[in-house]
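The values are calculated or read from the model by the stated rules, or taken from the named source; none is laboratory data. Predicted model only: the values in this text are computed from it and were never measured. Using ideal geometry, Cβ is built from the backbone for each residue, glycine included, and neighbour counts are taken over all protein chains shown.
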Amino acid sequence: MIEHTFRQIFGSLPETVVRAPGRVNLIGEHTDYNDGFVLPAAIDRAISYAGRRRADRRVRVYSEDFKASVEF
């Protein structure tokens, strides 16, 4: 799906596609490296990214959730 959207918006297939699953810390925030207890849990959310290089060093970002883009 993300590849299809990328092609529609940018005109070609992406070079890279990645997905990171969401998680929450039910107990313990920044305590694991202080010998404290933590309880992370996976959730039904994720973030996906598709991208490719541009020759002009411009960055163009499109958000499927917001249906908006920005370029810098």
Since residue 37 meets every condition but one in (1) assigned to a strand (DSSP E or B); (2) in contact with a Ser or Thr (Cβ under 9 Å, 6 or more places away or on another chain); (3) of a type outside the set (S, T, N, Q), which condition does it not meet? (1)
Qualifying residue in region 56-68 (condition: β-branched (Val, Ile, Thr) and modelled with pLDDT of 95 or more): yes
Restricting to region 46-72, what's the tally of residues that are touching a residue at least 24 places away in the same chain (Cβ under 8 Å) and either part of a loop (DSSP other than H, G, I, E, B) or not hydrophobic (A, V, I, L, M, F, W, C) (or both)? 9
